[in-house]
């Protein structure tokens with residue numbers, strides 16, 4: 001007996017609300033759990049002081065700086081290169097064997113576990129190039145790690161721009177580069193941005209690769225060649241070693257707040273761009 | 001016109017830099033890992049269950065089974081909940097709610113894996129141990145934690161894929177008398193297939209590659225898991241646990257594990273490619 | 001129409017691209033390409049030694065302002081490798097050197113007991129070395145065989161390359177292998193957390209880090225306390241070593257001298273290690 005389509009729809013939608021509800025509430029639970037345990041005793045000193053006594057006391061200022069440093073450096077390297085690669089692949093090359101190989105390679109590398117990038121970074125950047133356990137080793141490793149993701153998501157976003165837009169642009173007499181910057185990129189910007197924000201999140205939360213390339217020193221990094229510890233790594237060490245659960249929770253809360261800030265900033269930026277540049 | 005040429009050269013240069021960098025990693029991993037794969041013999045390496053590096057025995061079969069088991073479990077959860085969520089948010093949810101929920105989902109993609117692992121250890125593992133038996137550190141715990149971790153990835157990219165299907169398709173279908181749900185099932189999902197498959201592949205890649213969270217909740221034994229309540233070790237946990245200590249042959253064996261992981265991911269992506277090619281073809285026809 | 005950047009949008013896009021490029025260059029230049037902290041000491045190695053090394057480093061920096069000591073984990077073997085590859089000035093190690101490692105210079109800075117730990121609710125008080133070996137090799141599988149509850153024994157061990165594990169294997173296991181069914185954890189703290197929550201668990205960890213939340217089992221009738229270990233009676237004791245190349249930097253030598261001084265040894269004793277004197 002076939003149910004009338006509208007009833008099928010109602011059942012399906014109800015089912016999906018349940019699924020979504022479960023999924024989202026689990027995700028919300030995680031944030032609430034961390035905030036509940038970590039926010040109450042958070043203080044300004046915690047954010048601005050250096051850690052003492054293995055991290056049992058003091059604050060996490062060096063970790064905040066290290067995280068910002070490594071992430072910003074890594075993204076600055078990876079974003080322009082990734083975006084340029086994506087533009088070149090979609091706009092300047094034909095669909096062909098080479099392009100498919102490159103796309104395939106980028107997909108594979110986007111899926112390679114971060115620990116392997118860490119392995120590579122450790123052997124290549126830290127030892128072979130002699131950069132040592134340092135911020136720059138970490139940043140370069142992270143840049144390589146997020147590069148495939150940025151290329152792929154940017155490429156998907158650019159490809160999703162309907163061909164019609166490009167044809168209209170050419171029909172109006174634009175050059176290729178004008179077409180790209182004034183028509184294609186503005187439409188693709190939300191997707192590109194999603195890729196970059198996802199990558200930023202991945203950089204901030206990366207633990208294994210960072211541990212092996214940037215090290216885990218407790219002090220403030222004064223140059224790109226100093227070793228330091230990121231927030232995620234600090235949280236991991238604090239919670240696993242059982243050194244200080246209180247501080248671990250607080251570190252995790254700061255981490256999540258930082259990600260929140262990045263995402264809010266990204267969305268604000270995107271809204272401004274979309275209202276000004278979007279062609280659709 | 002001249003600027004166009006210059007710009008295209010600059011773009012080519014940057015693209016080549018990217019490709020060279022990524023090729024470098026690939027070559028490096030294979031260069032380090034292949035020698036020992038050849039020395040031990042690929043069949044013995046992959047199918048032997050004896051991993052005793054200090055005695056020179058390298059067999060990763062238990063770890064391969066571990067990775068596959070945990071990833072399958074994670075994908076089941078990820079696909080059911082993730083695509084359901086994506087369909088909901090892309091189509092059936094009021095826009096105001098979507099503008100809150102979608103950013104929330106993307107925010108959650110950024111939460112560190114160690115936080116997920118930590119909550120798994122503190123909340124999930126004791127629950128499994130007390131109510132379902134076993135040590136708590138298990139395939140089940142890893143699957144659940146990983147499934148939750150890949151949710152934001154699958155949801156985000158699937159939503160983008162579904163939304164990128166041109167509105168005209170949907171409007172045409174509604175005009176022909178189909179309900180929203182019928183349109184979704186029979187038209188939109190198929191048109192968005194390549195994007196959704198990409199989302200699942202990326203999610204699967206993330207699940208296979210997840211290291212820290214799995215180390216915390218999987219138990220990391222060397223034995224084959226007999227049930228989902230048994231502890232397990234994955235390929236990535238193996239590398240992470242032993243990396244800092246490994247030297248010489250041992251380190252090469254870990255690179256060889258990396259080679260195996262690389263090949264697994266290549267196989268997965270090939271499958272994805274074949275599936276999405278059908279999707280693109282059918283879209284072109286439409 | 002020429003190629004002049006006319007509209008606001010193009011301006012924004014280009015400035016963003018240029019900003020990115022410049023910020024990389026700026027950052028690189030601002031922070032220089034020369035190594036700062038020329039007189040900094042890099043210490044890499046055992047996760048067992050790390051907390052104590054960090055403490056000593058902070059005390060050393062307090063007494064000698066201007067000197068910078070960086071302490072990292074990674075593991076005993078990682079520490080030795082780092083010294084060999086010039087990543088670190090001093091490597092820390094929680095086991096004896098073996099094989100080709102003996103070419104390096106090693107300095108004993110303290111001794112640490114290895115405690116066999118169980119859940120506080122566990123009724124077992126004492127185990128012989130043979131019993132411990134049989135438990136960890138998988139021969140004894142139920143607590144009932146030892147006089148306890150009818151529950152399966154869950155063995156918890158450290159990862160293969162851990163100094164703590166190697167010390168345990170050397171002192172207790174001998175030729176037997178640790179069971180394949182053992183749960184692997186990657187740090188002392190992780191072992192502690194697991195045993196704390198699992199009534200059927202048994203594991204081994206650094207004596208100095210056990211604290212009050214776990215029950216320590218006597219080995220061959222001897223209580224696992226620092227006094228017993230110092231007296232040489234408690235059998236499971238392993239060395240904490242500083243490992244260096246044969247030529248030592250003067251700053252590193254200063255730190256090593258500090259660690260061997262009675263002030264530093266007192267700090268270590270207070271924290272649960274066995275000082276060398």
**Message:** For the range B:210-234, give me each residue that is over 22 Å from residue A:237 (Cα atoms), buried (at least 24 other Cβ atoms within 10 Å of the Cβ) and under 20 Å from the mean Cα position of the chain (by Cα).
**Reply:** B:232
**Prompt:** Does residue C:227 count as over 28 Å from residue A:238 (Cβ atoms), surrounded by fewer than 20 Cβ atoms within 10 Å (Cβ to Cβ), touching a strand residue (DSSP E or B) at 6+ places or on another chain (Cβ under 7 Å) and not assigned by TED's automatic domain parsing to the domain that holds residue C:271?
**Reply:** no
**Among the candidates A:84, A:106, A:12, A:20, residue that is within 30 Å of residue B:266 (Cα to Cα), within 10 Å of chain B (Cβ to nearest Cβ), free of Cβ contacts under 8 Å to residues at least 12 places away in the same chain and surrounded by 20 or more Cβ atoms within 10 Å (Cβ to Cβ)** = A:84
**Complete:** Over the range A:118-133, the set of residues assigned to a helix (DSSP H, G or I) and either in contact with a strand residue (DSSP E or B) (Cβ under 7 Å, 6 or more places away or on another chain) or within 7 Å of chain B (Cβ to nearest Cβ) (or both) is A:119, A:120, A:124
**Message:** Any residue that is touching a strand residue (DSSP E or B) at 6+ places or on another chain (Cβ under 8 Å) and crowded, with 24+ Cβ neighbours inside 10 Å - is there at least one of those in the range B:256-279?
**Reply:** yes
**Item:** Filter pass, residue A:261 being at pLDDT 85 or above, surrounded by fewer than 17 Cβ atoms within 10 Å (Cβ to Cβ) and in a helix (DSSP H, G or I)
**Value:** no
**Prompt:** From the list B:87, B:111, B:100, which one is buried (at least 24 other Cβ atoms within 10 Å of the Cβ), at pLDDT below 90 and over 23 Å from residue B:237 (Cα atoms)?
**Reply:** B:87
**Fill in**
In the range B:132-141, anything in a helix (DSSP H, G or I) and either in contact with a strand residue (DSSP E or B) (Cβ under 7 Å, 6 or more places away or on another chain) or at pLDDT below 90 (or both) is listed as B:139
**Request:** Would you confirm whether any residue within the range A:239-261 is out of contact with any strand residue (DSSP E or B) (no Cβ under 8 Å at 6 or more places or on another chain), away from chain B (no Cβ under 11 Å) and farther than 30 Å from residue C:185 by Cβ?
**Result:** no
**Hits in the range B:218-272 - residues which are at positive phi and in contact with a helix residue (DSSP H, G or I) (Cβ under 8 Å, 6 or more places away or on another chain)** = B:220
**Message:** Quick check on this structure: which one of B:239, B:265 is facing another protein chain (nearest Cβ under 8 Å) and touching a residue at least 40 places away in the same chain (Cβ under 8 Å)?
**Reply:** B:265
**Message:** For the range A:230-238, check the following and say yes or no: at least one residue is facing another protein chain (nearest Cβ under 7 Å), under 17 Å from the mean Cα position of the chain (by Cα) and touching a residue at least 24 places away in the same chain (Cβ under 8 Å).
**Reply:** yes
**Residue within the range A:58-80 that is within 30 Å of residue B:177 (Cβ to Cβ) and facing chain B (nearest Cβ under 10 Å) present** = no
**Request:** Within the range A:227-258, count every residue that is touching a helix residue (DSSP H, G or I) at 6+ places or on another chain (Cβ under 6 Å) and not in a helix (DSSP H, G or I).
**Result:** 7
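Quick one: which residue in C:80, C:153, C:87 is within 13 Å of another protein chain (Cβ to nearest Cβ), buried (at least 24 other Cβ atoms within 10 Å of the Cβ), in contact with a helix residue (DSSP H, G or I) (Cβ under 7 Å, 6 or more places away or on another chain) and free of Cβ contacts under 8 Å to residues at least 60 places away in the same chain?
C:87
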**Asked** Pick from the range C:156-170 the residues that are in contact (Cβ under 8 Å) with a residue 60 or more places away in the chain and surrounded by 24 or more Cβ atoms within 10 Å (Cβ to Cβ): which of them is nearest to the other protein chains (Cβ to nearest Cβ)?
**Response** C:162
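The values are calculated or read from the model by the stated rules, or taken from the named source; none is laboratory data. All values reported here derive from a predicted model rather than from experimental measurement. Virtual Cβ from ideal backbone geometry, glycine too; neighbours counted across all protein chains shown.
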